[in-house]
Amino acid sequence: MLLTWSQSLPRKYAGNIRFARSTDGGRSFSVPMTLNDDGGIGSHRFESLAIDGAGRVAVVWLDGRDRDAARGKKSAFAGSSVYLAESADNGAHFNANRKLTEHTCECCRTSLVWTAEGPVALWRNLYGTNTRDFALANLDTGKVDRATDDEWQIDACPHHGGGLAVDGHGALHLVWFTQGKTRQGLFYKRLAGGRESSPMALGDPAAQAGHATVAAAGRMVLITWREFDGRAYVARAMHSTDGGASWSAPLRLAESGGAADYPLPLTDGKQVLVVWNSATEGVRVLPLDVGNAK
């Protein structure tokens, strides 16, 4: 069992990426280690972890060390950087940090999955002057591609990262939010064999649909997101049993009259669950009936 989290530091917006592992099923954990190796009290946050199941571990995060260095030299630097730490022995040791790219959106969460071609990361990137669309990168090759072409130009961070999953047949599934020139709202698309589907709109924009997350296994794909109906926060979900070719109608799973987090999807290809935490109801595990899933 492997865990990562952000440790707050005394300075505003400063933190460390921390890691610990359990080799006894969660009964005990190793002494936490700090993965960012720059030694500075700076911004390291929005980490994602993925494993290959055979000992390789990758962790990516948004890192402010290059921005801080540039400011120290009174040089301009837009956004953050993406950094990576890797282990070949299931987290017992990690290699030195590696920079993947500079000039990324500084407060949108990252997403990371392990594919047959290695670890693949998704983050909101900076293109040109404040165009904040998503980038997709293979961490082994370092190849970075533009994943969305929404042309969202905003001189601020949307605080709205994307989601990424890989299914049992190697297809990638992306979910994201945009307010760009090309499209606005929540969207989904599938990438497989060098081809991608057209973006499919999700949720009700009038209900502030946002913060979608996606999970996949086998041919099952599950998307969750949160809406606000004017009275309560609502957890919604939709699923596909054919790898994203067709979709169920959106389901209203639960609501909360108080503060609520974003619903998280879980699936092993057969069982489908949604985990949702709210201030008044606490953590709920919501099962979905998806029929004869394969």
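The values are calculated or read from the model by the stated rules, or taken from the named source; none is laboratory data. Worth saying up front: this structure is predicted, and the values here are computed from it rather than measured. Here the Cβ positions follow ideal geometry from the backbone for every residue, glycine too, while neighbour counts run over all protein chains shown. Note: accessible area is taken over every heavy atom of the protein model, side chains too, but ligands, DNA and RNA are not part of it. Shrake-Rupley method; radii C 1.70, N 1.55, O 1.52, S 1.80 Å.
If the condition is being of a type outside the set (Lys, Arg), in a strand (DSSP E or B) and open to solvent by 40 Å² or more (accessible area, probe 1.4 Å), then region 197-248 contributes Met200, Ala201, Phe228, Tyr233.
If you go through region 92-123 and keep only what is open to solvent by less than 60 Å² (accessible area, probe 1.4 Å), touching a Phe, Trp or Tyr at 6+ places or on another chain (Cβ under 8 Å) and closer than 20 Å to Gly15 by Cβ, you end up with Phe94, Asn97, Leu100, Thr104, Cys105, Cys107, Cys108, Thr110, Ser111, Trp123. In this structure, does Gly269 turn out to be loosely packed, with under 15 Cβ neighbours inside 10 Å, in a loop (DSSP other than H, G, I, E, B) and modelled with pLDDT under 95? So Gly269 fails the test. Looking across region 249-266, the residues that are part of a loop (DSSP other than H, G, I, E, B) and either touching a residue at least 12 places away in the same chain (Cβ under 8 Å) or of a type in the set (Ser, Thr, Tyr) (or both) come down to Pro250, Gly257, Gly258, Ala259, Asp261, Tyr262, Pro263.
When region 76-111 is filtered for residues that are farther than 27 Å from Trp176 by Cβ and modelled with pLDDT under 95, only Ala76 remains. Applying the condition of being of a type in the set (Ser, Thr, Tyr) and over 16 Å from Met33 (Cβ atoms) to region 48-93 and asking which residue is nearest to the chain's Cα centre (by Cα) yields Ser48. None of Asp68, Asp38 is of a type outside the set (Phe, Trp, Tyr), in a loop (DSSP other than H, G, I, E, B) and touching a residue at least 12 places away in the same chain (Cβ under 8 Å) except Asp38.
Taken over region 178-196, residues that are part of a loop (DSSP other than H, G, I, E, B), open to solvent by 70 Å² or more (accessible area, probe 1.4 Å) and at pLDDT 95 or above amount to 2.
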